[in-house]
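Below: the structure, in structure tokens.
Derivation of every value follows stated rules applied to the coordinates shown; laboratory data play no part. Everything numeric here is computed off the predicted structure, so don't read it as measured data. With ideal geometry, Cβ positions are generated from the backbone for all residues, glycine too; neighbour counts draw on all protein chains shown.
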Amino acid sequence: MKIAVLKESAAGETRIAAIAETVKKFAALGAEVAVESGAGAQASIPDADFAAAGAKVGNRAEVLKGAGIILCINGPEAGELKGAESGALLVGALDPMRRREAVDAYAKAGLEALAMEWMPRITRAQSMDILSSQSNLAGYKAVIDGAARYGRAFPMMMTAAGTVSPAKVFVMGVGVAGLQAIATARRLGAQVSATDVRSATREQIQSLGAKPIFVENVAGIEGEGAGGYATEMSEEYQKAQAELVSSHIAKQDIVITTALIPGRPAPRLISDAQLATMRPGSVVVDMAADAGGNVEGTVAGEEAAKHGVTLIGASNLARSLPADSSALFARNLFNFLSAFWDKEQGRPVLPDDDEIVRGIRLTQGGKVIHERLTAA
Ligand code: NAD
């Protein structure tokens, strides 16, 4: 089985879907890996490292020729896959809802497209979960970026010239990114508080040494829906949450927002009026910027000064740690493919009735088959 690794063409993309370690692991399964020349350059992996790991390095046409599996970070445009073999698996973050035409083109080309971001959130699939691996790094980077733009120090320092007070960091949304943001801010010495709609996060916040800030006494609140994700909250809850945020936020130096609801725009957690109550020099990092933002006025990929507060519309932060994000993404892909590897056939065999396969398989036999796409 030949596995092709593509050089990413999306603007701003820095990552690659394989590293030397996964090349060797695929070889141990009996596969041969071909990497497009220059694909690892931005992730600090020169072609020579891939060659030393046993991969062939070539141009797009050479790499695609005869490949039964194509690995990518972002789904390529259909025109970029000329020469791909019919029946080949295309594995990556294919963004099927926003790139429906590309998915149709994959089907037409006879490719079996597998959207890794639709991996079910079950224990068996944890090591294959690209959303988690990338969110974790993004949560770390959000704090580092916030700290870099903050004109004060994070830890308390007692010096001969006087005492520096610790920074107060508030994390809103305690999923994978939020948990890592709490841990990172704590490591830097900040005083950290955090909130979420899912009451299960209260204990997680405390176990990281941070203070939970929760809406209390609102009937029937439990913001946990299918797959452990959040649900949209009642009006009563949203009002109580806004009041709680108002009183808390004015005392914070750094706010990191990460709140997302699958399939919906990001919930609005901070209004412009609330932003104006923060101390001048405070920093807000909105990690939900790509989904519309948790903060009024956020623009993805842009930084703005509002009422003396720096508002960062953080976009795809994992891309700014390309060596680590590539390594984790590449391992997610290997963990998925190796879990289904049939040694006798020398290739992955993906059973129709498997929960993971059903979750991520978009196209098969020339057709778009995923129910989330066919029902639309
Ligand atoms: P996410 O990125 O969808 O959302 C981030 C956080 O924002 C969530 O914790 C959510 O509850 C919170 N949020 C939503 N609306 C909010 C609001 N109005 N106010 C405050 N917070 C709000 O979440 P995620 O990081 O993908 O994690 C979701 C869940 O899935 C977690 O329980 C996580 O542990 C779980 N998970 C399970 C697996 C697995 O078992 N394979 C893998 C990854 C994550």
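Some points to look at:
- Segment 274-325: antiparallel DSSP beta bridges as a percent of all, rounded to 5: 50 percent
- Straight-line cross-link partners of K82 among the lysines, defined as a Cα under 16 Å from its Cα and at least 8 positions apart when in the same chain: K7, K65, K108.
- Expressed to the nearest 5 percent, the antiparallel share of DSSP beta bridges inside the chain is 25 percent.
- CD proxy at 222 nm, helix term only [per DSSP H run n ≥ 4: -39500 (n - 2.57); per residue of the chain; nearest 500]: -9000 deg cm²/dmol
- Ordering of 305-314, 272-281, 70-79, 97-106 by packing [mean C-beta count within 10 Å, highest first]: 70-79, 305-314, 97-106, 272-281
- Likely footprinting exposure, T123, T184, T298, T374, fewest C-beta neighbours within 10 Å first: T123, T374, T184, T298
- Across all C-alpha atoms in segment 147-211, the radius of gyration and Dmax reach 13.0, 44 Å.
- Quarter of Cα convex hull surface for segment 62-198, i.e. mean projection, nm²: 12.3 nm²
- Scattering profile of segment 1-111 at q = 0.20 Å⁻¹ [log10 I(q)/I(0), Debye over alpha-carbon scatterers]: -1.02
- Relative packing of 172-180, 52-60, 327-335, which averages over residues the other C-beta atoms within 10 Å, highest first: 172-180, 327-335, 52-60
- Our summary of shape: the Cα atoms of the chain have principal axis extents of 64, 51, 34 Å, ordered from largest down, in whole angstrom.
- Counting DSSP beta bridges with both ends in segment 137-221, the antiparallel % (nearest 5): 30 percent
- Residue (of A52, L311, A109) at the positive-pole extreme of the chain, dipole from beta-carbon charges: A52
- Each other residue within a Cβ distance under 10 Å of S315 adds +1 if Lys or Arg and -1 if Asp or Glu, for a net charge of -2.
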